[in-house]
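Notes to accompany the following structure.
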Amino acid sequence: MEAFEPIPRTAAGLHDEIVLAGVDSLKPVMLAEAAVRHLDLELFWLASGDPALKGARALFDEQSGTVCCENVADPGEGALLVAHEIGHAGIHAASSSCHAGDIDPSRPTEVAPVGLQRVEDYGVRERRELEANVFARALSRHINTMPISRRRAACKFLTCLAAARSALSAL
């Protein structure tokens, strides 16, 4: 879907900037927290059911520049929740709160031709959630899909690339 094409590029660019700044992309929570700081936002980890979450698992409040996220045991899940909210911050520039069913990075970007999925995908709110899911999937894909040996090699490469850029800029 053409409207979604810039979203993964934006997320990948953010990921690369953070990694080049020295963040270990093998640690999903550190990557998500660094992305929040990079966007000049604040992140608050809250207990499940905290009133500040307003019944959601995570939310982005544009007015205060905060991301509030349910403190979950699985670091990958926590990073994904934060990445989804960062997607709202980067794409929509408006406050949002996301319930359990809203955050699903495995959901396809293609419009379903018929059936219940087509009805569920209809509407502005649903489209915003889908866009944030696409962003979260793109931001976290480097962590979740690459074998650890390739991740380490990629980190070494990006570290060398950052050093080369620094050396060239000093000339």
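Take L46 and S166, extend 7 Å from each Cα along the Cα→Cβ direction, and tell me the distance between the two endpoints in nm.
3.9 nm
Roughly how many nanometres apart are two label points built 7 Å out from the Cα toward the Cβ at N71 and M30?
Placing both labels 7 Å beyond Cα along the Cβ direction yields 2.1 nm.
Among T10, T66, which comes first, then next, by fewest other beta-carbon atoms within 10 Å?
On the way: T10 16, T66 19.
By the 10 Å Cβ count, ascending: T10, T66.
List the residues whose amide H sits under 5 Å from the amide H of V72, counting only those 5 or more places along or on another chain, with H placed 1.01 Å from N in the peptide plane.
Distant-sequence amide H within range of V72: zero hits.
Read-outs: derived from the displayed coordinates by stated rules, not from any lab. Please read all numbers here as calculations on a predicted model, not as lab measurements. FYI the Cβ positions are ideal-geometry reconstructions off the backbone, even for glycines, and counts take in every protein chain you see.
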